[in-house]
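**Student:** Before anything else, here's the structure in question.
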Amino acid sequence: MTYTAHPTAVIDEGCSIGAGTRIWHFSHIMPGCTIGEGCNIGQNVVVSPGVKLGRNVKVQNNVSIYTGVECGDDVFLGPSMVFTNVINPRSAVNRREQYATTRVGRGASIGANATIVCGHDIGEFAFIGAGAVVTKEVPAFALVVGNPARQMGWMSEYGHKLKFNELGEAQCPESGQKYKLAEGQVTRVA
């Protein structure tokens, strides 16, 4: 075994768990999911069949990652945040064949108690504020907050709000990385 799991965790056969991953109390890792190397799966987390988590994904306590979710490397999923996987759930109607895919891009962060409505992708290094309800696509580097979530700016890879000058240029105060805003999209240039 190349990963570590607390004795109360349930690890089903048929899942793939990368080296160095840690799985904490009362979590359930279901068959057919893939968890990358160096991940941290907090307490009371469910990882459903078909879920894909990249390397170094941090899943905080009380998160259910349902079938249809794919997270890139270095994603942060905050405490008690929620993914959905069906647009119109009904207890009496089986919609397992209608699970929508939600992709979370590399380096994105989703804050505590946020809700991600299925079928809406989150771009690389996007930052979803605590309690936000995401009901549409989120561009790379975007900062979104509120219910429904609205874009309030742009974030650096290090998680700092970017302040663009009149030329559409910004610099991260921590890393010194430079960014360009053009045609409603942010890219890192150096």
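The values are calculated or read from the model by the stated rules, or taken from the named source; none is laboratory data. Just so we're clear, the structure is a prediction, and the values are computed from it rather than from any experiment. As a convention, Cβ positions derive from the backbone with ideal geometry for all residues, glycine included, and neighbour counts pool all protein chains shown.
**Student:** Could you please give the count of residues in segment 149-168 that are loosely packed, with under 15 Cβ neighbours inside 10 Å and over 15 Å from residue 125 (Cα atoms)?
**Tutor:** The number of residues fulfilling the criteria is 6.
**Student:** To continue, here is another question. Just a yes or no: is a residue in segment 110-126 crowded, with 23+ Cβ neighbours inside 10 Å, closer than 26 Å to residue 178 by Cβ and more than 16 Å from the chain's Cα centre (by Cα)?
**Tutor:** no
**Student:** Exactly one condition in (1) within 21 Å of residue 72 (Cα to Cα); (2) touching an Asp or Glu at 6+ places or on another chain (Cβ under 9 Å) is false for residue 186; which is it?
**Tutor:** Of (1) within 21 Å of residue 72 (Cα to Cα); (2) touching an Asp or Glu at 6+ places or on another chain (Cβ under 9 Å), only one is false for residue 186: (2).
**Student:** Among (1) under 18 Å from residue 69 (Cβ atoms); (2) touching a strand residue (DSSP E or B) at 6+ places or on another chain (Cβ under 6 Å); (3) buried (at least 19 other Cβ atoms within 10 Å of the Cβ), where does residue 85 come up short?
**Tutor:** Here residue 85 clears every test but (2).
**Student:** Here's something else I'd like to know. Would you mind finding the one in 140, 130 that is out of contact with any helix residue (DSSP H, G or I) (no Cβ under 6 Å at 6 or more places or on another chain), closer than 12 Å to residue 110 by Cα, modelled with pLDDT of 95 or more and not in a strand (DSSP E or B)? It would help to see each step written out before you state the result.
**Tutor:** On the way: 140 fails: closer than 12 Å to residue 110 by Cα.
Answer to the check: 130.
**Student:** Also: Quick test of your reading of the structure: residue 147 fulfils all but one of (1) at pLDDT below 95; (2) closer than 26 Å to residue 131 by Cβ. Name the failing condition by number.
**Tutor:** (1)
**Student:** Which residue out of 146, 72 is small (Gly, Ala, Ser), crowded, with 16+ Cβ neighbours inside 10 Å, out of contact with any Leu (no Cβ under 7 Å at 6 or more places or on another chain) and in the same structural domain as residue 33 (by TED's automatic domain parsing)? If you could, list the steps in order and put the result at the bottom.
**Tutor:** Working: 146 fails: crowded, with 16+ Cβ neighbours inside 10 Å.
Result: 72 is the single residue among 146, 72 that is small (Gly, Ala, Ser), crowded, with 16+ Cβ neighbours inside 10 Å, out of contact with any Leu (no Cβ under 7 Å at 6 or more places or on another chain) and in the same structural domain as residue 33 (by TED's automatic domain parsing).
**Student:** Another question, then. Name the residues in segment 45-63 that are in a loop (DSSP other than H, G, I, E, B) and either in contact (Cβ under 8 Å) with a residue 40 or more places away in the chain or under 12 Å from residue 15 (Cβ atoms) (or both), would you? It would help to see each step written out before you state the result.
**Tutor:** Start the filter on segment 45-63 by keeping residues that are in a loop (DSSP other than H, G, I, E, B), which leaves 45, 48-51, 54-57, 60-63.
Correct list: 48, 49, 50, 51, 54, 60.
**Student:** Just to be sure I understand, how many residues within segment 117-161 are among the hydroxyl-bearing types (Ser, Thr, Tyr) and without any contact (Cβ under 8 Å) to a residue 24 or more places away in the chain?
**Tutor:** Within segment 117-161, the subset among the hydroxyl-bearing types (Ser, Thr, Tyr) is 135, 156, 158.
Filter once more, so that each one left must be without any contact (Cβ under 8 Å) to a residue 24 or more places away in the chain: 135, 158.
Of the residues in segment 117-161, 2 are among the hydroxyl-bearing types (Ser, Thr, Tyr) and without any contact (Cβ under 8 Å) to a residue 24 or more places away in the chain.
**Student:** Right, something else. Inspect segment 123-134 for any residue being out of contact with any strand residue (DSSP E or B) (no Cβ under 8 Å at 6 or more places or on another chain) and among the acidic types (Asp, Glu) and give the result as yes or no.
**Tutor:** Scanning segment 123-134, I find at least one residue that is out of contact with any strand residue (DSSP E or B) (no Cβ under 8 Å at 6 or more places or on another chain) and among the acidic types (Asp, Glu), so the answer is yes.
**Student:** Looking at (1) in a loop (DSSP other than H, G, I, E, B); (2) out of contact with any Lys or Arg (no Cβ under 6 Å at 6 or more places or on another chain); (3) β-branched (Val, Ile, Thr), find the lone condition where residue 186 falls short.
**Tutor:** (1)
**Student:** Ok, one more. Quick one: is residue 101 in the same structural domain as residue 144 (by TED's automatic domain parsing), surrounded by fewer than 17 Cβ atoms within 10 Å (Cβ to Cβ), among the hydroxyl-bearing types (Ser, Thr, Tyr) and modelled with pLDDT of 95 or more? Before the answer, list the steps.
**Tutor:** On the way: in the same structural domain as residue 144 (by TED's automatic domain parsing): yes; surrounded by fewer than 17 Cβ atoms within 10 Å (Cβ to Cβ): yes; among the hydroxyl-bearing types (Ser, Thr, Tyr): yes; modelled with pLDDT of 95 or more: yes.
Yes, satisfied.
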